[in-house]
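The structure appears right after this line, and notes come after that.
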Amino acid sequence: MKVGIVISVNDAETAWNAFRFANFCIKKNDAVKVFLMGKGVEAEKVSTEKFNVKVQMNDFLAAKGELFACGTCIKSREMDESEMCPISTMNDMYELVRDSDKVVTF
């Protein structure tokens, strides 16, 4: 199955659970794409001791998950592109939604 996940929160627990779910899907042999938008582009920076989002994100990338981040949202926060937050477009999000069998939002 192809799973698309859209994360638009900067809450550590929610982002952590979203990436935990993404990693679980990959372990079930699903193809998973994650799109960060709005506050979600801050996911890399919101880790806490209890909810280490960055570790989950690293695991996701290491497992060959595909990660996209809204370029407009990154720029509006005066952030820079990174491996975890690559500049992406609405077309990338459109293709994620179009090509996924299921889309989950957090």
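The residues listed here are MET93, MET84; of these, the one that is of a type in the set (A, V, I, L, M, F, W, C) and either modelled with pLDDT of 95 or more or touching a strand residue (DSSP E or B) at 6+ places or on another chain (Cβ under 6 Å) (or both) is MET93. Within the stretch 53-77, residues that are touching a residue at least 24 places away in the same chain (Cβ under 8 Å) sit with their Cβ atoms under 8 Å from residues that are open to solvent by 80 Å² or more (accessible area, probe 1.4 Å) and not in a helix (DSSP H, G or I), at 6+ positions apart or across chains, in these pairs: ALA69/GLU81; ILE74/ASP80; ILE74/GLU81. Against the list (1) touching a residue at least 12 places away in the same chain (Cβ under 8 Å); (2) surrounded by fewer than 18 Cβ atoms within 10 Å (Cβ to Cβ); (3) part of a loop (DSSP other than H, G, I, E, B), the condition MET84 fails is (2).
Among the residues of the stretch 65-106, those identified as among the charged types (D, E, K, R) and over 12 Å from the mean Cα position of the chain (by Cα) are LYS75, ARG77, GLU78, ASP80, GLU81, ASP92, GLU95, ARG98, ASP99, ASP101, LYS102. Scanning the stretch 87-106 for residues that are within 10 Å of GLY4 (Cα to Cα), outside any helix (DSSP H, G or I), of a type in the set (Val, Ile, Thr) and open to solvent by 60 Å² or more (accessible area, probe 1.4 Å) returns VAL103, THR105. Summed over the stretch 54-81, the residues that are in a helix (DSSP H, G or I), open to solvent by 60 Å² or more (accessible area, probe 1.4 Å) and over 17 Å from CYS25 (Cα atoms) give a count of 4.
The values are calculated or read from the model by the stated rules, or taken from the named source; none is laboratory data. Small disclaimer: the values here were computed from a predicted structure and weren't measured. Cβ atoms come from the backbone with ideal geometry, glycine included; neighbour counts cover every protein chain shown. Keep in mind that these areas ignore ligands, DNA and RNA; they rest on the heavy atoms of the full protein, side chains included. Shrake-Rupley method; radii C 1.70, N 1.55, O 1.52, S 1.80 Å.
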